[in-house]
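First up is the structure itself, then whatever we jot down about it.
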Amino acid sequence: NTIESACIHRESEDFILFVDDVQWMTENKWGYLLDLYNQWQKRGLQPLIILVGQEEAKDLPSLLKGTNQWPVLGRFMQEVYPFRSIESAADLKRFLRAYDDDSAAKDPGTRSITESALPKAFRDGLRLEALNEEVWRGLVDAREERMTGLPLESFPMQVVSSGLLGTLAQVSELDRPKFRPDRAHFKRGFLTRGGALLGVDYTNPHLAIPE
């Protein structure tokens, strides 16, 4: 399979698999994940499974104890770490750094997300990390316009990433050396690309997250 081929190519048995929205996992899906884990180990691979979910995911250990999937606890739920949402411009600064950085690119010469969208401005010194205050104000403005039930200054990562990608797509045609996206650009991006996400009640485990 793809994972095994990648491990062979990298000459490493270790890999990390992220599983998102685990609070909605069914008993059958847990069984499928457990089977995959066992197959990988039989082939000499060493997977590290990281489960990501909303607050109610903390109840999974007690729920799984009453099912046939109790082995999941020993395989995948050895440690629990709380993850904060984006709550400040300082949080955004660290997040935006990844958009400017090309060090994680798979191939040499691959550009960062920021440079790919705004190459002329990037070469002139544009870095989203330095615009964290503008991004934050645009995000809060979009949130206030939508007036959802989310806390005013707390945003799930999916909202932020979707809105940022939307903003970059919208302003790419404005690219020039001195161009810098401002608060209004980011607000429009969050409303158009991340707007549906701003209206999601993330405390409801039965509500599908829009793409």
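All of the numbers you see were taken from the coordinates with simple rules; none came from a lab. It should be emphasised that the depicted structure is a prediction, and the values quoted were computed from it without experimental measurement. Don't worry about glycine lacking a Cβ; one is built from the backbone with ideal geometry, like all the others, and counts go over all protein chains shown.
A compact table of results
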item	result
Sites GLU11 and ARG111, calculated FRET efficiency, Cβ-Cβ separation with R0 30 Å, nearest 0.05	0.65
Linear extension gain, ALA169 paired with ASP20, 0.36 nm per residue minus alpha-carbon span	51.1 nm
Sorted peptide list for 117-125, 36-44, criterion being average Cβ within 10 angstrom, highest first	117-125, 36-44
Distance between modelled label sites at GLU133 and PHE179, nm, 7 Å Cα→Cβ extension	2.4
Spatially proximal lysines relative to LYS120 (Cα-Cα < 25 Å; intrachain offsets below 8 disregarded)	LYS93, LYS106, LYS178, LYS187
